[in-house]
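Shown next, in structure tokens, is the structure this report addresses.
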Amino acid sequence: MPDAMVAASLSEATSGGTTQQVDVAVVGAGFAGLYLLHRLRKAGLTTVVLEEADDVGGTWYWNRYPGARCDIQTIDYSYTFDPELESAWKWSEKYATQPEILRYFGFVADRYDLRRDIRFRTRITAATWDQALERWLLTTSEGATVACRYYIMATGCLSTPKPPEIDGVKDFKGEVYFTGRWPHEEVKLAAKRVAVIGTGSSGIQSIPLIAEQAEHLTVFQRTPNFALPAHNGPAPADRVALLEGDRAGYREQARWSLAGVPWPQQTAVSWQLSDAERRERLDEAWAKGDLVYILTQLWADQAVDVDGNTLLADLIREKIREIVKDPETAAALTPHDHPFGAKRPCLDTRYYATYNRPNVTLVNLRQEPIKSITASGIKTDERTFDVDVIVFATGFDAMTGAIMAVHPITGRGGKSLSDVWANGPQTYLGLTVAGFPNLFMITGPGSPSVLSNMAVSIEQHVDWVVDRLIAMREAGFTAIEATETAQAGWARHMADCATLTLHRLANTWYTGANVPGKAQGVMPYTGGVGPYRSICNEVASGGMLGFRLTGPNVAEQCNDGEIVRLQPDVRLVLNMLAEMKLPPLESFGAQGARDFLAEFNAARPAGRPVGEVVDGTLPGTDGPLPYRLYRPATPGPHPIVVYFHGGGWVLGDQESDDPFCRDMCRRTGMIFVSVGYRHAPDHRFPTAAEDGYAATRWIAEHAADLGGKPGPVMVAGWSAGANIAAVTCQLARDRGGPQISGQLLVCPVTDCTFDRPSYNDNATGYFLTRSLMYWFWDLYCSPADRTDPRVSPLRGKLEGLPQALVVTCEFDPLRDEGVAYAEALAAAGVPVEQVNARGHFHFSFTMVDVVITGVSGRVQMAEALRRFAGLPSERRQADEGVRPGQTASPHEIASAAE
Ligand code: N01
């Protein structure tokens, strides 16, 4: 509806009351709101910003407590959209104080003349979508109502302070302060007895400064947090040189990094480093005083693997004990309930040392919870503390609070956002919500937001949204809305991403756990800033995938679908491979492809340590075959798994699936013997199959010599190796042994036809291509032999085979023949479990420590092998996540983690 008609209609509805009509209304004049206003104006869109405070600054306007500073280096925590702005402003410190940051926002507001479109001291009291007018109608606490075509929440993630949830706060006769709503006038704490409740970032930043002023400070701590020294001072010369040497390159690197700060991806894994090397890395990071560095740069597995994380957390715990003199206080300050980084760690200035001061007392609320606040102070289960001042550093209703709790938002058909989000926030890209047309959120739940440098994420969101509005205007569209399919797909992708990191293993404001009664689940996007940016770009370039666009004079456009169906790490691997623009593997020739593979494997993360790795040879039918044996660190004898590597009967050797064999050896507590069977084209069909059988027979006969348990063995394999494992089971049944108690077939080749749907759907773009498979088959097996069960086990007799686990991957050309084999085994009465790993590709499970989301599949494989061997289940809590065939919401993951 045109503006004039909207005006007439609104005038009637409000009985002539005033309504401000704009293209866009923005809530909040903080980091995001200011940049939005600037960009929207430049795009020629009339805009009003509504701000509750009486000046710009957002979170930096409200959080004025002593010690408030940013904890991302300020050179990274700045606008980057205008190089002239960058050179016009110089930060005075590595981590700027709140007053300096606030001055910066004032400077930006003045430089771009932003204040004239900001209505200060104005709260939105309700926002309702009027479908007939195609406008959001906003009622406000001050002045005219607003009618806008687009409504953008730039409300920040940590804007709504959480009530302290302690009885008796109103009875207290002394002074009460909230760090998130600190007074503008000076707060005098000298000669006063002060209590601080809460030891998150706000508490940890303010406690040392309050301790310096107060007569006595009592800190009430419920959960200790990890804090690292900031070592504030001038911006580090090396970082400044890097920035100034190539400003554009530096900023671009930040935009494509994982956390929004240009540090490279760490490649060394913890188990490759000695104790001394790990300690040295921690000492270096400790001296650097950089949160993102310590969160990402020590070793590659620190944020994704519980064991890798514990190594780091233990070193930090040592540091705390070194600083805090009283052992009981040190113990109380040392976190043990969450992995390092899973809860937001803090940067501090003399935080731990503050507890060595005679005027500071720590009260451990885990031992003596607060009962109530009284007129004179704080009462715990055991003691009463009389104080003059209470400072609540108790945090925020994070991520959703400012969007949802501040005012009712009513979308299409009277849908309330509070109802839609009752079980946790549902968004598409963290930017939009199905059922709420023309509503956008900047750094909303479902976007990297608080797990990133907010400056980078805000600019990316603002640019994406404004660019879309411009494109819509050019195409004649006036309304945009996410589809339910796209939103559900995003929830699935979020859940997949949540299994990548350890955030799911902590009860934090990231998961909503800090607010009683709030739905719980990992709210920020854990897949990283760069990957997220590429997804947003893909949505736009893919015809606004997952959005419905409408306009008065154009046909509706809806390119519906899910933007990411691959597991997040699989997507990264495939993108990386695509960028390498490799020639097809088969074009190298057999030896060239083997050399390439060896080089490729040399660059992967080293396999994890096991008890012992022994190389040997065993007698094959025509001479010795090499093998590599992986023995667990636990006392033997262990059950034995005979393993056959992948490589299309042409590539690979007994070492080429080394990380997988190590991982499975550790998970199962079993000996893995990886067999070096002979390869095509030198040794064609049925050599590989016969070698596999001969090796299994010899290993079973020599189990005790190898340190294994005498009795049945198990067989396992991946790809063509799984083909050999399956064939070995058939031969063992038909040739009178050896006894095999179970078969693990991972992405097996089971048949020689190439016409199943998965061959058509997944034979390009997922590395294992149709032409590569043709090449393998041609080198190994003549067409006349291909229906022989020794290469197409699906065509063999299946009765009487050992129990099986068949693992297939959704995006694998071989998926359907694996499924067919499992179904045929079941039909033949063989006990079989079949798992189809959603979002995975042919290489997912053997790319150990690269495709992190493959862990849950390998957990299932280990469980199956233990079952085959008659051993009890041995699941670790940290491995629990989404089973590969299933979907779980982030909320289910959090509760599983609990
Ligand atoms: O809040 P928090 P914050 N009784 O939720 C405790 C950003 N930030 O304002 O952990 C007793 O982290 C609560 O205990 P527990 C940064 O992202 C950045 O400090 O729930 N205690 C916890 O100790 C940060 O993470 C900077 O058991 C109660 C504390 O209060 C986020 O804002 C500076 C309680 C709350 O910690 C939030 O930080 C400041 C109760 N009833 C903040 N209720 C920078 O440096 C809560 N607690 C940029």
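The values are calculated or read from the model by the stated rules, or taken from the named source; none is laboratory data. None of the values given here were measured: they were computed from a predicted structure. Cβ sites come from the backbone with ideal geometry, for glycine too, and all protein chains shown count toward neighbours. Side chains included, ligands, DNA and RNA excluded: accessible areas come from the protein's heavy atoms. Shrake-Rupley method; radii C 1.70, N 1.55, O 1.52, S 1.80 Å.
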Would you pull out the residues with amide H under 5 Å of Gly30's amide H, same chain only if 5 or more places away, H placed 1.01 Å from N? Gly57, Gly58
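For the stretch 692-807, just run the numbers: alpha carbon Rg, then divide by 2.2 N^0.38 Å, N being how many residues it has.
Output field value: 1.16.
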Scalar couplings 3J(HN,Hα) for the stretch 644-661 by Karplus 6.51 cos²θ - 1.76 cosθ + 1.60 (θ = phi - 60°), nearest whole Hz, x for Gly and Pro, are 10, 6, x, x, x, 6, 10, 10, x, 7, 5, 9, 6, 9, 3, x, 5, 5
Loop trypsin sites (Lys or Arg not before Pro), the stretch 14-118 (other Cβ atoms within 10 Å of the site Cβ: 16 or fewer; DSSP): Lys90
Once amide H atoms are built 1.01 Å from N in the peptide plane, which residues 5 or more positions from Leu228, or in another chain, come under 5 Å H to H? Cys346, Leu347, Asp348
Read phi for every residue in the stretch 620-629 and hand back ³J(HN,Hα) as whole Hz from Karplus 6.51 cos²θ - 1.76 cosθ + 1.60, θ = phi - 60°, with x for Gly and Pro. x, 6, 10, x, x, 10, x, 9, 10, 10
What list of ³J(HN,Hα) values in whole Hz, one per residue of the stretch 699-716 in order, does the Karplus curve 6.51 cos²θ - 1.76 cosθ + 1.60 (θ = phi - 60°) give from phi, with Gly and Pro shown as x? 5, 4, 5, 10, 3, 5, 4, 7, x, x, 7, x, x, x, 9, 10, 10, 8
So what is the accessible area of the stretch 159-265 per residue, in Å², with the probe set to 1.4 Å? 45
Return the distance in nm (one decimal) between the two label points of a simple spin-label model at Glu474 and Thr617, each offset 7 Å from Cα along Cα→Cβ. 6.8
GluC sites (Glu not before Pro) within the stretch 761-866, DSSP loop, no more than 13 other Cβ atoms inside 10 Å: Glu799
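What share of Cα pairs, in percent, lie more than 37 angstrom apart in the chain? List each step's numbers first, then the result.
On the way: 211516 of 402753 pairs.
Value for the chain: 53 percent of Cα pairs lie more than 37 Å apart.
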Here the gain from full extension of Glu484 to Asp167, 0.36 nm per residue of separation minus their alpha-carbon distance, amounts to 109.9 nm
With the Cα gyration tensor of the stretch 544-590 giving a ≥ b ≥ c as the square roots of its eigenvalues, does the rule (a/c under 1.5 for rounded; else a/b larger than b/c for prolate; else oblate) give rounded, prolate or oblate? prolate
Roughly what would the spin-label model give for Glu186 and Ser274, points 7 Å off Cα along C-beta, in nm? 5.6
Collect residues whose amide H, placed 1.01 Å from N in the peptide plane, falls under 5 Å from the amide H of Tyr428; neighbours closer than 5 in sequence don't count. Val433, Ala434
Can you show me the helix-derived [θ] at 222 nm for the chain, built from DSSP H runs with n ≥ 4 at -39,500 (n - 2.57) apiece and divided by the number of residues, rounded to the nearest 500. -10000 deg cm²/dmol
Using a 1.4 Å probe and counting only protein heavy atoms, arrange Phe107, Phe843, Phe672 so the residue with the most accessible area comes first. Phe107, Phe843, Phe672
How high is the FRET efficiency between Glu556 and Arg247 when r is their beta carbon distance and R₀ equals 30 Å, given to the nearest 0.05? 0.10
How high is the relative contact order of the chain, given as a whole-number percent (alpha carbon pairs under 8 Å, six or more residues apart)? 10
Of every hundred units of 1.4 Å-probe accessible area on the chain, the number belonging to carbon and sulfur atoms, as a percent, is 51
Measuring from a point 7 Å past the Cα of Glu86 along Cα-to-C-beta, which residues in the stretch 247-283 have an amide N at less than 16 Å? 247-257, 260-263
Looking at the stretch 568-628, which trypsin sites (Lys or Arg not before Pro) are in a loop (DSSP not H, G, I, E or B) and have at most 15 other Cβ atoms within 10 Å? Lys581
